[in-house]
Amino acid sequence: MSNKTLAIIKPDATAKNVSGEIIAAIQQAGFRILGMKLTKISPEVAGEFYAVHKERPFYGELIAYMTSGTIVPLALQKDNAVEEFRKLIGATDPKKAEAGTIRARFGTGIEANAIHGSDSDENALREIGFFFPESEIVAVNK
Ligand code: UDP
Ligand code: MG
C-alpha cells in the first residue's frame, strides 16, 4: 500500500478563490504536502493526463475545462493516501457527495467538482511523476 496521492485543485475552485480553504481541509485531514504548484496546462498536457478517459463522452469538455484556468496540483502523503483522499473529496458528482466532503462543499457540478484525487496507487505514482518529475517525491516512502 502506497502512502501518496496526487490532488489537483481544479479551475472552478481556483476561480472561486477557495484554494486556501481546500488546502486547509486537506491538512486538517492529516495529509502532508510534498509538492505543490500553481499552474495552467495546455490541451496537450491535459489530454495526456486524462488519456484513460479518451473514449468517454465527456473527454473533450473535460480537457477544455481543465485548461480554462489556474490549477493547483498537490503531491500528498498519508497512510493509505489514495483511499483516504477519495473519502475526503467525496463522489464525482458534488450533489451525490457526502456532506462535509470537499466536493460537496466546493463543487458546482459533475464536471466542475473542485478537486481531483488519484484512483489507485499505480496511478498516484504516475500522476505525481507527471506534475512533479523530481524523483525524490515519488521515492519518499516514510
Ligand atoms: N467528469 C465529467 N462528466 C462525467 C464524469 C466525470 O465531466 O460524467 C469529469 C469530472 O471532472 C471528473 C473527471 O471527469 O472528476 C474524471 O472522471 P472520473 O470518472 O475519473 O471521476 P473522479 O475519479 O474524478 O471522481
Ligand atoms: Mg478518476
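Details
- Shown here for region 48-92: trypsin sites (Lys or Arg not before Pro) in loop regions (DSSP other than H, G, I, E, B) with at most 15 other Cβ atoms within 10 Å, namely Lys54.
- Solvent-free Debye scattering, log10 I(q)/I(0), computed from the Cα coordinates of region 56-142 at q = 0.17 Å⁻¹: -0.81
- Gly35 long-range amide H proximity, modeled H, under 5 Å: Ala75
- Annotation: aspartates and glutamates with alpha-carbon distance below 19 angstrom to Lys95 (same-chain offsets under eight excluded): Asp12, Glu111.
- The stretch between Lys40 and Asn17 holds 6.7 nm of extra length on full extension. This uses 0.36 nm per residue minus the Cα-Cα distance.
- Electrostatic tally near Gly90: other residues with Cβ closer than 11 Å to its Cβ, Lys and Arg +1, Asp and Glu -1, net +4.
- Long-range HN-HN contacts of Gly107 with modeled amide H, under 5 Å: none
- When the charge dipole of the chain is built from unit charges on Cβ atoms (+1 for Lys and Arg, -1 for Asp and Glu) and taken about the Cα centre, the candidate among Val82, Thr108, Val45 whose Cα reaches farthest toward its positive end is Thr108.
- Region 48-91-region 102-116 distance, computed between alpha-carbon centres (Å): 11 Å
- Net charge of neighbours whose Cβ lies under 15 Å from the Cβ of Phe131, counting Lys and Arg as +1 and Asp and Glu as -1: 0
- Among the GluC sites (Glu not before Pro) in region 66-122, those located in a DSSP loop and surrounded by at most 14 other Cβ atoms within 10 Å of their own Cβ are Glu98.
Bear in mind that the values in this text are calculations on the coordinates, not laboratory data. Just so you know, these numbers come straight off a predicted model, no measurement behind them. No Cβ is skipped: glycine too gets one built from the backbone with ideal geometry, and neighbour counts run over all protein chains shown.
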